[in-house]
Amino acid sequence: MTVDIKNIFSGIKNQSPEEIFETIIKTNQFKIERIISSGQSTDKEKWYDQDVDEWVILLKGSAGLLFENNKEVIMKPGDYINIPAHQKHRVEWTDSNEETIWLVVHYHNNTYEV
């Protein structure tokens, strides 16, 4: 069996006009993706309302997330947040001077007691 080593910061296109979504791993239980932003934001009329929970860590750059209750969360490298399913949110802004790199895990929260 061959194991490929990859780097989360490799293969990034400089200042793409579009946000880039790349699936790293996908199973029936979860999906991990890398998102690369360079100044993009969510349309002001749009809210993300996802059927799954979303754990997000910001690896590079900076961004502001706005939640439906008008609470804005500013994220910098190393910050992470868990967004429950159906928690309406959007990206208010991302750094326009450097790439903002996110690592996102989409998953179903099947809680159980240990």
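The values are calculated or read from the model by the stated rules, or taken from the named source; none is laboratory data. Bear in mind the structure is a predicted one, so any value in this text is a computation, not a measurement. When we count neighbours, we look across all protein chains shown, and the Cβ atoms used for this are built from the backbone with ideal geometry, even at glycine.
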Complete set of residues in the stretch 52-70 that are of a type in the set (D, E, K, R), out of contact with any Phe, Trp or Tyr (no Cβ under 6 Å at 6 or more places or on another chain) and at pLDDT 95 or above: E54, K60
Strands (runs of 3 or more DSSP E) completely within the chain that count 1 or more residues being without any contact (Cβ under 8 Å) to a residue 60 or more places away in the chain and either among the hydrophobic types (A, V, I, L, M, F, W, C) or surrounded by 17 or more Cβ atoms within 10 Å (Cβ to Cβ) (or both): 20-26, 53-60, 63-67, 72-75, 80-83, 89-94
Some residue of the stretch 66-74 being farther than 16 Å from W102 by Cβ, in contact with a Lys or Arg (Cβ under 8 Å, 6 or more places away or on another chain) and not aromatic (F, W, Y): yes
Residue list for the stretch 45-65, restricted to those being more than 13 Å from K88 (Cβ to Cβ) and not hydroxyl-bearing (S, T, Y): V52, D53, W55, V56, I57, L58, L59, K60, G61, A63, G64
